[in-house]
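The values are calculated or read from the model by the stated rules, or taken from the named source; none is laboratory data. Keep in mind it's a predicted model, so treat the numbers as computed, not measured. Cβ sites come from the backbone with ideal geometry, for glycine too, and all protein chains shown count toward neighbours.
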């Protein structure tokens, strides 16, 4: 079995590293054309996909070709990359000159990651919003997108 691990090394230092995601690629049928089971996991969402990569020509290319195709088939069902995701377009609202975002308008997995980053931050209570406690300062959101949070 192959285990591919994606780690974050803050500032390029291993000392603060943490695992973001793993892929398990296990051979289930031997031979010149092997079959593999693929499992993708992320630390925030848990298991995100499983799939089978069938009739892969062993030793015909590098291990990275196998890994790329295994990940692609798990994400799309085909041996091709999915379309590149579009930039997040979360609306910024304003109340009394306070720019804010609504957490419920942030798509996953960005929402869960952002919520983890602002857990100890001050957040506005926007009384005219239908969910006044479901808001965050727009500057925190833009800092997050820029890699500052």
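Do we find a residue being within 24 Å of residue 113 (Cβ to Cβ) and not in a strand (DSSP E or B) anywhere in segment 19-42? Give the derivation first.
Residues of segment 19-42 within 24 Å of residue 113 (Cβ to Cβ): 19-24, 38-42.
In the following step, the residues that additionally are not in a strand (DSSP E or B) were identified as none.
Scanning segment 19-42 turns up no residue that is within 24 Å of residue 113 (Cβ to Cβ) and not in a strand (DSSP E or B).
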Note on residue 48: of the conditions (1) in contact with a strand residue (DSSP E or B) (Cβ under 6 Å, 6 or more places away or on another chain); (2) within 15 Å of residue 26 (Cα to Cα), unmet is (2)
Residue 106 buried (at least 16 other Cβ atoms within 10 Å of the Cβ) and in the same structural domain as residue 133 (by TED's automatic domain parsing):
yes
Inter-residue pairs, beta-carbon under 9 Å, first in contact (Cβ under 8 Å) with a residue 40 or more places away in the chain and in segment 95-108, second surrounded by 11 or more Cβ atoms within 10 Å (Cβ to Cβ) and assigned to a strand (DSSP E or B), 6+ apart
99/93; 99/137; 101/93; 101/135; 101/136; 101/137
Output the qualifying pairs, or none if there are none: Cβ atoms under 9 angstrom, residues six or more apart or on different chains, first residue in segment 5-27 and assigned by TED's automatic domain parsing to the domain that holds residue 38, second residue surrounded by 11 or more Cβ atoms within 10 Å (Cβ to Cβ) and part of a helix (DSSP H, G or I).
23/67; 23/70; 23/71; 23/74; 25/66; 25/67; 25/70; 25/71
Any residue in segment 38-67 that is outside the structural domain of residue 114 (by TED's automatic domain parsing) and at pLDDT below 90 sitting within a Cβ distance under 8 Å of a residue that is part of a strand (DSSP E or B) and loosely packed, with under 12 Cβ neighbours inside 10 Å? List the pairs, counting only those 6 or more apart or interchain.
43/18
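Among the residues of segment 88-113, what is the count of those that are touching a helix residue (DSSP H, G or I) at 6+ places or on another chain (Cβ under 9 Å) and more than 18 Å from residue 131 (Cα to Cα)? Step through it out loud before you land on a result.
We begin by selecting, within segment 88-113, every residue touching a helix residue (DSSP H, G or I) at 6+ places or on another chain (Cβ under 9 Å); these are 88, 90-94, 98-101, 103-106, 110-111, 113.
Those left that are additionally more than 18 Å from residue 131 (Cα to Cα): 88, 110, 113.
Qualifying residue count, segment 88-113: 3.
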